[in-house]
1. Long-range amide H contacts for D214: which residues qualify at under 5 Å (H placed 1.01 Å from N, peptide plane, sequence gap of 5 or more or a different chain)?
2. Considering only Cα-Cα distances, which of the following residue pairs are longer than 30 Å: K97/K141; K207/K227; K175/K248; K207/K292; K86/K256; K187/K300?
3. Net charge within 10 Å of Y119 by Cβ-Cβ distance, Lys/Arg positive one each and Asp/Glu negative one each, not counting Y119 itself?
4. Assign unit charges at the C-beta atoms only (+1 for Lys and Arg, -1 for Asp and Glu), then state the dipole size of region 80-164 relative to its Cα centre in Debye, rounded to the nearest 20.
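Values quoted throughout were computed directly from the atomic coordinates according to the rules given, and no laboratory measurement underlies them. On a predicted model such as this, the values are computed, not experimentally measured, just so you know. FYI the Cβ positions are ideal-geometry reconstructions off the backbone, even for glycines, and counts take in every protein chain you see.
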Amino acid sequence: MIQVKDSPLSIPKSAQVHDTKNRHGTKGHENNTNTYSMSDKKSDERQYDPDSFSEKNSALLNQHDNWARQNKKQSYGQQDISSYLKNQLIEDFNSHKKEEIIRQLNDADNNAFTVIDEYIDRIKECYENEDPRCSSDTDPKSNYFNQAWDTVFLMDVFLQLNDITDEEKQAFAMKLSDTENDWVREKNLEILATMPPNINNLETSVKTVASSSDPSIYRMFVSNASKQYADNSEATDQIADFFIQTIKNGGFFLGKEAATMVLEFMTPSTIKKFNGLLGELNTTSYRYIALKQTIEEYYKAHPITH
């Protein structure tokens, strides 16, 4: 079984105090941006106006030759896989159609997991080694998208295989948990949502999310975790610890948004931790204001009695 090398309930240094999400359709494609911390002055905590980032009002995004606009899709399920993966699938399955590949793998004798696992490795190595069969020298951005779409395609196949054991799912999800792409993160969380709600799978979910700066990835994690671990106090404590670090050390936008997501994980035990965090934050920061409002909402539902 693949083991987690780093502590999964802490934010990797690469993801701390950076708001790296490109909001115009390039999920997981990180750019250099300003950094923020809990001690920032009010002037550094820029106000987020969702309308200012909409496609309608973005002159940059609506430029005719903008590559993000040209490549943006509403659903990764609509993407076409690369010619490299198509050729590989045709060679092995005499087809590149997902339904046919799933049918053949489910008819095979207990090697479906191994086949998909090896395909994931093949795709990763091809792009990492800049193999000309899959990599473009003239358009490196296409490599980023193609690798993501190829990987998600294979993960989709994996989800529909019969007779996959929990151990195989766990190993597969762990392998994909260190991805740098948010489309792959989303699909990995989808896989993890089908797995037993134990601490190992929670740690893999946290590892999948922790290096992302996209609040929508965190919301998907919250949606899954609040259902899977609602009655598990140990898991709730660990999720609370993870979000405390995210609010404290995440980029200014992620930190603020994360503070609005933690109500589900506030309990008589964890509320003390969130109150402690509130005392550490800059009282003029947006993350402080958001967390204070969430804590107040908790106390309205759970009034203190004397």
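1. Placed amide hydrogens put nothing under 5 Å from D214.
2. The answer is K86/K256; K187/K300.
3. Net charge in that neighbourhood comes out at -3.
4. Here region 80-164 has a charge dipole of around 240 debye.
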